[in-house]
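Accompanying notes for the structure given below.
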């Protein structure tokens, strides 16, 4: 078997894909900016490259059969040369996309940015599989400082989400990369239950051993904070609209993780226990 190249190899999802492939004895290359600083499992080849500099990818892609592609950012116009470089060498690609519609919505399309990247991939002729996860449980690490203080202030505490553990995203990615029958599939993958943001905070507090309460923040105040952090008004407003929508139309739940892996998706409480040290 030729190598599988994993981009975002030291990130929240990519590092689990790398370790799961290595544990399965699959030849895997990890794309990193600086191989000398990358901490990777034994047997994993660190290869230098940067998705924001497509000209650096050629050596890393030589001899690669498949690529697990995680795009670092929200600028689809910069993705075209990367996708072209991948298609020049790889036979197939698994792309970590996204999914945000509310429950009861028959639209399985991803967000606009990911739609654009998916469209680029489709045009290449490679065999492709798209993973469209719901909200990432790991994003709640953004509350860590507030968790330590005992109060989380954020908008839309009643927003109900089906957050997915990053280990499940990686496990689905690893399964798709190492088994047949997934070409042309777009898998919407979610956690096994819905939980409001206020409930998420309570569960994290229980995992940490600290009582934590929720306090709703006015959306306009959150918008100002997010603009200072993210910069893009369109992206900020889209995120706020999305969270607000989950108050009246909770995020969808699928059984795709169980269907593919033969076990239930990991619950948010499991994620909180796995990350308890990050909140202490």
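The values are calculated or read from the model by the stated rules, or taken from the named source; none is laboratory data. Predicted, not measured: the structure shown is a model, and the values here were computed from it. Every residue, glycine as well, gets a Cβ built from its backbone with ideal geometry; the counts of neighbours run over all protein chains shown.
Yes/no matrix, rows are residues, columns are (1) surrounded by 15 or more Cβ atoms within 10 Å (Cβ to Cβ); (2) over 17 Å from residue 165 (Cβ atoms); (3) modelled with pLDDT of 95 or more:
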site	(1), (2), (3)
207	yes, no, yes
215	no, yes, yes
234	no, yes, no
242	yes, yes, no
245	yes, yes, no
264	no, no, yes
271	yes, no, yes
275	yes, no, yes
- Query: If we scan region 23-39, do we find a residue that is surrounded by 16 or more Cβ atoms within 10 Å (Cβ to Cβ), touching a strand residue (DSSP E or B) at 6+ places or on another chain (Cβ under 7 Å) and touching a residue at least 60 places away in the same chain (Cβ under 8 Å)?
  - Reply: yes
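Table: residues versus (1) under 18 Å from residue 24 (Cβ atoms); (2) touching a strand residue (DSSP E or B) at 6+ places or on another chain (Cβ under 9 Å); (3) not in a loop (DSSP other than H, G, I, E, B).
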position: 172; (1), (2), (3): yes, yes, yes
position: 176; (1), (2), (3): yes, yes, yes
position: 183; (1), (2), (3): no, yes, no
position: 198; (1), (2), (3): no, yes, yes
position: 202; (1), (2), (3): no, yes, yes
position: 207; (1), (2), (3): no, no, yes
- With respect to residue 221, determine if the residue is within 21 Å of the chain's Cα centre (by Cα) and either modelled with pLDDT under 95 or loosely packed, with under 15 Cβ neighbours inside 10 Å (or both). no
- Extreme residue, surrounded by the most Cβ atoms within 10 Å (Cβ to Cβ), among residues of region 56-77 that are out of contact with any helix residue (DSSP H, G or I) (no Cβ under 8 Å at 6 or more places or on another chain) and modelled with pLDDT of 85 or more: 60
- Any chance residue 263 is more than 27 Å from residue 114 (Cα to Cα) and in a loop (DSSP other than H, G, I, E, B): yes
- Here the residues within region 183-194 that are more than 19 Å from residue 114 (Cα to Cα) and surrounded by fewer than 22 Cβ atoms within 10 Å (Cβ to Cβ) are 192, 193, 194
- Query: In region 136-165, which residues are buried (at least 22 other Cβ atoms within 10 Å of the Cβ), farther than 18 Å from residue 215 by Cα and in contact with a helix residue (DSSP H, G or I) (Cβ under 7 Å, 6 or more places away or on another chain)?
  - Reply: 137, 163, 164, 165
- Mind checking whether some residue in region 113-134 is surrounded by fewer than 20 Cβ atoms within 10 Å (Cβ to Cβ), within 30 Å of residue 275 (Cα to Cα), in contact (Cβ under 8 Å) with a residue 12 or more places away in the chain and touching a helix residue (DSSP H, G or I) at 6+ places or on another chain (Cβ under 8 Å)? yes
